[in-house]
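Below: the structure, in structure tokens.
The values are calculated or read from the model by the stated rules, or taken from the named source; none is laboratory data. A quick note: this is a predicted structure, and the numbers were derived from the prediction, not measured. No Cβ is skipped: glycine too gets one built from the backbone with ideal geometry, and neighbour counts run over all protein chains shown.
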């Protein structure tokens, strides 16, 4: 009797493990590239790339699939589940993933943009004015906004986690609404276009901006792919080139760019043009700032092991 | 009974072995399937450094607060409903609307009213616990009424005596049953609310713990958190509530 | 014999159905009055009306004045099923519940002894046999200073031996404590054993003395 039960249990466990293992990618008849797209002016080249079909033209035998994912954690999880090939995110979240054994690398920069900490309390002009009960909204711990804030905290108070107990996780639009509503949130660390929208309001003011926190310039969004994807030389090269083309198009054809982007961003075309071209966002495939981020994160136990820039920059 | 226990142990053993095999096979990245050692190690570390115990205690206290509120408000609602049939109907109506709403679904609305923080989460927890409790207690009170009303009338029991000795004392098993159900609902609502909304406070619970592990890609930490949740749940539901239930059944039969 | 309860032209309808039709009788002090009838004939309805549980009827039910003097529970009832005791309280608490005293008086103890409950006071209902449960209900009714006790088929769920014991107890209670007992049953033998007078409730709603 005991034997029978034992066998039954073993069979059940074996079946469960088989079910888990059976997420093996079935050999697909057609090759595929899965790209995560995101909303935000810093990602504008992606929208241009999609609209002008650079990748589709370069890879005729491939199916190009664009997916929408909620946040950077979701991107990492999709990569781990072999469901995503290409994604765009800030350098710190990328580093955290790499630090935890994810096999991916940076293949391009996308944009460098102003980021900033906005306050709805006129009494708060500098970091020192922020009290213990003032809550700071930002996308999530480990995001570039959080890291920049921590860098500034280290410079000002000598303590990187100074504000860590005052953070509230909110997506950019929610953070903006909360800041405007003037309720529990006093500060919002955000990026374009929300940053621009917020700074237009009289009662909101900038406390500190990204470059001040970082101590210089840095690339805001980088593009990454999995190691596996890189093995496909044809697709990889096409991807690199497609991004370059998109960036070039944006820099050389402002009016058409605004036209295309107005399909995605619900602003007046003049406002949109101003945001994209006149507010200091730079669209470039260069990548800068990785070393400084690595050093900071290592010193503050956000990364377990140091990372060589050459290992991650392809 | 003994064979049953052996079955469970064997099952767990095989599960753990299977897990470790999965890890060794390298089929999945360690960020998805960490080794048993790293999970065990992280779990021990997190218990010793106080992170997990803090989160556990905070979570349990939060649900407990919610439970007290739920019992109190249920009592009031049942009292209101017992006054007239019209009021009873109203209470039933409110319950039927509110009961199907998951706590997380109303959280955005709650944040608008209560802002961010403990109050909002407590409200969501109470909401998820209150309605099943009202339903259980109402049913219990109805049952008691049907059974003991004639005794109350025949012996001219004062309203006070009837309410205290028949309804209050008599509903205790119903309250315990209701509390058991409410507890699991509140537990899940609390953890989910913290995870989905990442609400932060000075102290926070297991949901936030899981959220942090996720954003920092700490898979071993994530599993440690899950283990803590399971252990808590099992302990409270099986050990505490079942014992309470058994004790009550003995004296209230 | 003086009447303590008087019933004149009592009619009871459930919706349109006539359950009791133009009933007239009196309950005499000190007697055991048995109300006999088949199941569903309306005996319980009649008792409910007499005991004050049911106030929706036509006709007049009058009680002698001294019935309600000094008595907190003038019209106690012993029901048939065991649900009449609160399961979460002991025998002692169940018996004392309707009354204002917190402890048994000497007279109470005498009654308890008479009914046979002395060693069972701290037990809970689920620890008692059916016979003991009914004794508890009887004791609860006896403790009132009332003149009458109503009993609705109280021994219906008991086995023969116990039924006989309790029937004897009723006869003795009637004698010793001079309580008028209105006793409902469908059992002819029981009626013959206990009754000073018997009323028969017919399925047509009429009540006749036999």
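Just a yes or no: is a residue in the range A:203-210 in contact with a strand residue (DSSP E or B) (Cβ under 6 Å, 6 or more places away or on another chain) and within 14 Å of chain B (Cβ to nearest Cβ)? No, the conditions are met nowhere in the range A:203-210.
Per-residue answers, yes or no, for (1) within 13 Å of another protein chain (Cβ to nearest Cβ); (2) touching a strand residue (DSSP E or B) at 6+ places or on another chain (Cβ under 6 Å); (3) without any contact (Cβ under 8 Å) to a residue 24 or more places away in the chain:
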| site | (1), (2), (3) |
| --- | --- |
| B:170 | yes, no, no |
| B:210 | yes, no, yes |
| B:216 | yes, no, yes |
| B:246 | no, no, yes |
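Taking the range A:299-309 as the range and being within 13 Å of residue A:98 (Cα to Cα) and either surrounded by fewer than 14 Cβ atoms within 10 Å (Cβ to Cβ) or without any contact (Cβ under 8 Å) to a residue 40 or more places away in the chain (or both) as the test, the residues that pass are A:304, A:305, A:306, A:308, A:309.
Within the range C:113-138, being within 24 Å of residue B:158 (Cβ to Cβ) and surrounded by 22 or more Cβ atoms within 10 Å (Cβ to Cβ) holds for C:136, C:137, C:138. Has the range A:198-208 got at least one residue that is in contact (Cβ under 8 Å) with a residue 12 or more places away in the chain and assigned to a helix (DSSP H, G or I)? Checking the range A:198-208: at least one residue is in contact (Cβ under 8 Å) with a residue 12 or more places away in the chain and assigned to a helix (DSSP H, G or I).
When residue A:183 is tested against (1) assigned to a loop (DSSP other than H, G, I, E, B); (2) crowded, with 18+ Cβ neighbours inside 10 Å, just one condition goes unmet, and that condition is (2). Is it the case that residue C:120 is farther than 23 Å from residue C:176 by Cα and either touching a helix residue (DSSP H, G or I) at 6+ places or on another chain (Cβ under 8 Å) or facing chain B (nearest Cβ under 10 Å) (or both)? Taking the combined requirement at face value, the residue does not satisfy it.
Summed over the range C:64-79, the residues that are modelled with pLDDT of 90 or more and more than 19 Å from residue C:27 (Cα to Cα) give a count of 1.
Looking at A:109, A:101, A:97, which one is within 14 Å of the chain's Cα centre (by Cα) and not in a helix (DSSP H, G or I)? Spell out the reasoning first.
Working: A:101 fails: within 14 Å of the chain's Cα centre (by Cα); A:97 fails: not in a helix (DSSP H, G or I).
Every option except A:109 fails the conditions.
Of the candidates B:203, B:145, the single residue that is more than 14 Å from chain A (Cβ to nearest Cβ) and either modelled with pLDDT under 90 or surrounded by fewer than 22 Cβ atoms within 10 Å (Cβ to Cβ) (or both) is B:145.
Whether a residue is over 27 Å from residue B:192 (Cα atoms), away from every other protein chain (no Cβ under 14 Å) and either assigned to a helix (DSSP H, G or I) or at pLDDT 90 or above (or both) was assessed, and residue B:61 does not pass this test. Within the range B:110-142, the set of residues being crowded, with 20+ Cβ neighbours inside 10 Å, in a helix (DSSP H, G or I) and at pLDDT below 80 comprises B:111 only.
Determine whether residue C:134 is part of a helix (DSSP H, G or I) and farther than 27 Å from residue B:247 by Cα.
Details: part of a helix (DSSP H, G or I): yes; farther than 27 Å from residue B:247 by Cα: no.
Judged against the criteria, residue C:134 is not a match.
Quick check on my filter: what residues within the range C:189-210 are at pLDDT 90 or above and surrounded by fewer than 11 Cβ atoms within 10 Å (Cβ to Cβ)? Correct list: C:189 only. Residues in the range A:81-123 that are closer than 23 Å to residue A:301 by Cβ, facing chain B (nearest Cβ under 9 Å) and out of contact with any helix residue (DSSP H, G or I) (no Cβ under 6 Å at 6 or more places or on another chain): A:96, A:99, A:100, A:101, A:102. Going by the conditions given, is residue A:178 crowded, with 23+ Cβ neighbours inside 10 Å, outside any loop (DSSP other than H, G, I, E, B) and more than 17 Å from the chain's Cα centre (by Cα)? So residue A:178 passes the test.
Checked against the criterion of being assigned to a helix (DSSP H, G or I), away from chain A (no Cβ under 14 Å) and over 26 Å from residue B:206 (Cα atoms), the candidates B:14, B:77, B:67, B:22 yield just one match: B:77.
Anything in the range C:52-78 that is surrounded by fewer than 22 Cβ atoms within 10 Å (Cβ to Cβ), closer than 18 Å to residue C:144 by Cβ and touching a residue at least 40 places away in the same chain (Cβ under 8 Å)? List them, or say none. Reasoning before the result, please.
So the first thing to find is which residues in the range C:52-78 are surrounded by fewer than 22 Cβ atoms within 10 Å (Cβ to Cβ), and the list is C:52-74.
Add one more test, that the residue is closer than 18 Å to residue C:144 by Cβ, and what stays is C:52-53, C:63-74.
The answer is C:63, C:64, C:66, C:67, C:70, C:71, C:72, C:73, C:74.
All conditions but one from (1) within 29 Å of residue A:200 (Cα to Cα); (2) touching a strand residue (DSSP E or B) at 6+ places or on another chain (Cβ under 9 Å); (3) away from every other protein chain (no Cβ under 11 Å); (4) buried (at least 20 other Cβ atoms within 10 Å of the Cβ) apply to residue A:146; the one that does not is (3). Looking across C:87, C:74, one residue alone is within 14 Å of another protein chain (Cβ to nearest Cβ), over 15 Å from the mean Cα position of the chain (by Cα) and not in a strand (DSSP E or B). It is C:87.
Just a yes or no: is a residue in the range A:265-272 surrounded by fewer than 16 Cβ atoms within 10 Å (Cβ to Cβ), touching a helix residue (DSSP H, G or I) at 6+ places or on another chain (Cβ under 7 Å) and at pLDDT below 90? Yes; the residues of the range A:265-272 include at least one that is surrounded by fewer than 16 Cβ atoms within 10 Å (Cβ to Cβ), touching a helix residue (DSSP H, G or I) at 6+ places or on another chain (Cβ under 7 Å) and at pLDDT below 90. Scan the range B:27-58 residue by residue and report those that are over 25 Å from residue B:237 (Cβ atoms) and either touching a strand residue (DSSP E or B) at 6+ places or on another chain (Cβ under 7 Å) or away from chain A (no Cβ under 14 Å) (or both). Across the range B:27-58, the qualifying residues are B:36, B:37, B:48.
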